[in-house]
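Visitor: Attaching a single structure in structure tokens format; questions to follow.
The values are calculated or read from the model by the stated rules, or taken from the named source; none is laboratory data. These figures come from a predicted structure and were not determined experimentally. Don't worry about glycine lacking a Cβ; one is built from the backbone with ideal geometry, like all the others, and counts go over all protein chains shown.
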Amino acid sequence: MDVSIREQIISRLNNLTKPVGSLGYLEEIALKMGIIQNKVIPDLPKDKRVYVFASDHGVVQNGVSAYPKEVTYQMVLNFLNGGAAINVFGRHVGADVYVVDAGVDGDFDIAHPKFINAKVGYGTADFTKGPAMTIEQANTSLELGRKIARNAIKEGADLLVVGDMGIGNTTTATAIAAAFGFSIDEILDIGTPLDSEGLERKKQAVVRALEVNNPKKEDPIDILHKVGGFCMGEMAGFILEATEHKIPVIVDGFPTTAGLLIAWKMNPKVTGFVFAGHKSMVKGHKILLDEMGLRPILDLDMRLGEGTGAALSIFLIEAAIKMIREMATFESAGVSKGSDNI
């Protein structure tokens, strides 16, 4: 009888010179990477890339963020100039940082090798008054995300990080989660610093969005169309395409996980190829991860976004791969193996 790749990887992990299971979650990470690559001894990633999807959200006019929407445009320029936290962390882990204009309210007259123009529109509409986008725009955002992933994989990318930037993005992420049936009160939290009045405005914006649009809980594209964001649509398409090519993806915080949630509702198999880079301080993040059965690698009280927590987790994913690749087995080291029952 053939032994499955999972069983072969577990057998190797259990025969490394350590007590069985003593490296905890690192062993699960190595196992998952091996299964994704269909290799008992997985390869280290050679072409690591971060894709930061940037777009504006019409809901910001309801006072749901501490920052004006112009910051989205300004931060894209900061990313391209290499001055943001994600640029620092990308350099630290040896990952190239690409910036995707999924729907920023402004044009970028620039030629930059790491800039991708995938603009669906100049920000979404205010979903407290009607749908955030048209059905056509929702489908376009999914296909553009797929195209970006296809091109990355064609160029040799073998580890992808998804990041997000856009003032109002946590409000949109909250609306997406609530549309899928999650409790608003359980997931509602600040993204940027907000006082209690600001948080109440955020809640009421989501409540109105659901009342006005009545998104269909069982229909991910309807939810994207009515209360989503261009960045979430593109991230969902990006993840779906990577899954089909069996390329691992690391998601970051709450907004990127809302994009993952859309992808997961369209294809539940995506989580077999996705790692949760970290647990955001935004309380709804853990709830979404738990629903999808994903355990965060890091927990550093972060809530910046941009892909920062996901990028930092690359080092631990690589450490897990090196562990299974480089550690001696009991046989090769001539070490006596104890009883697994002890």
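Visitor: Based on this model, can you work out whether ASN267 counts as polar (S, T, N, Q), at positive phi and in the same structural domain as ASP158 (by TED's automatic domain parsing)?
Guide: Spelling it out, it is not the case that ASN267 is polar (S, T, N, Q), at positive phi and in the same structural domain as ASP158 (by TED's automatic domain parsing).
Visitor: Does LYS203 satisfy being among the basic types (Lys, Arg) and without any contact (Cβ under 8 Å) to a residue 12 or more places away in the chain?
Guide: no
Visitor: Here's another thing I want to ask about it. Quick check, is ASN78 at pLDDT 95 or above, farther than 16 Å from ARG49 by Cβ and in a helix (DSSP H, G or I)?
Guide: yes
Visitor: Same structure, new question: Any residue at all in the range 183-191 that's in the same structural domain as LYS265 (by TED's automatic domain parsing), under 24 Å from GLU136 (Cα atoms), modelled with pLDDT of 95 or more and of a type outside the set (Asp, Glu)?
Guide: No, there is no match, as no residue in the range 183-191 is in the same structural domain as LYS265 (by TED's automatic domain parsing), under 24 Å from GLU136 (Cα atoms), modelled with pLDDT of 95 or more and of a type outside the set (Asp, Glu).
Visitor: Let me ask another. Just checking: which of the strands (runs of 3 or more DSSP E) contained wholly in the range 93-175 hold 1 or more residues that are without any contact (Cβ under 8 Å) to a residue 12 or more places away in the chain, surrounded by 17 or more Cβ atoms within 10 Å (Cβ to Cβ) and among the aromatic types (Phe, Trp, Tyr)? Break it down into steps so the answer makes sense when it comes.
Guide: Details: elements: 96-103, 115-117, 159-165.
Result: empty, no element qualifies.
Visitor: Residues to consider are ILE9, ILE5, ILE29; find the one that is hydrophobic (A, V, I, L, M, F, W, C), under 20 Å from GLY307 (Cα atoms) and surrounded by 15 or more Cβ atoms within 10 Å (Cβ to Cβ).
Guide: Every option except ILE29 fails the conditions.
Visitor: Take the residues of the range 275-291 that are touching a helix residue (DSSP H, G or I) at 6+ places or on another chain (Cβ under 9 Å) and surrounded by fewer than 18 Cβ atoms within 10 Å (Cβ to Cβ): which is farthest from LYS265 (Cα to Cα)?
Guide: LYS283
Visitor: With the requirement that a residue be closer than 19 Å to GLU155 by Cα and of a type outside the set (Gly, Ala, Ser), what does the range 93-109 give you?
Guide: Answer for the range 93-109, where residues must be closer than 19 Å to GLU155 by Cα and of a type outside the set (Gly, Ala, Ser): ASP96, VAL97, TYR98, VAL99, VAL100.
Visitor: Continuing with the same structure: Of the residues ASP189, ASP164, which single one is within 22 Å of MET292 (Cβ to Cβ) and over 17 Å from the mean Cα position of the chain (by Cα)? Outline the logic, then answer.
Guide: Details: ASP164 fails: over 17 Å from the mean Cα position of the chain (by Cα).
Just a single option satisfies the conditions, and that option is ASP189.
Visitor: Answer with yes or no whether ARG49 is farther than 30 Å from ASN151 by Cα, of a type outside the set (A, V, I, L, M, F, W, C) and either in contact (Cβ under 8 Å) with a residue 40 or more places away in the chain or assigned to a helix (DSSP H, G or I) (or both). Steps first, answer last, please.
Guide: Details: farther than 30 Å from ASN151 by Cα: no; of a type outside the set (A, V, I, L, M, F, W, C): yes; either in contact (Cβ under 8 Å) with a residue 40 or more places away in the chain or assigned to a helix (DSSP H, G or I) (or both): yes.
No; evaluated as a whole, the condition is false for this residue.
Visitor: I would also like to ask the following. Could you list all residues from the range 300-327 that are exposed (fewer than 15 other Cβ atoms within 10 Å of the Cβ) and in contact with a Gly (Cβ under 9 Å, 6 or more places away or on another chain)?
Guide: Matches in the range 300-327: LEU300 only.
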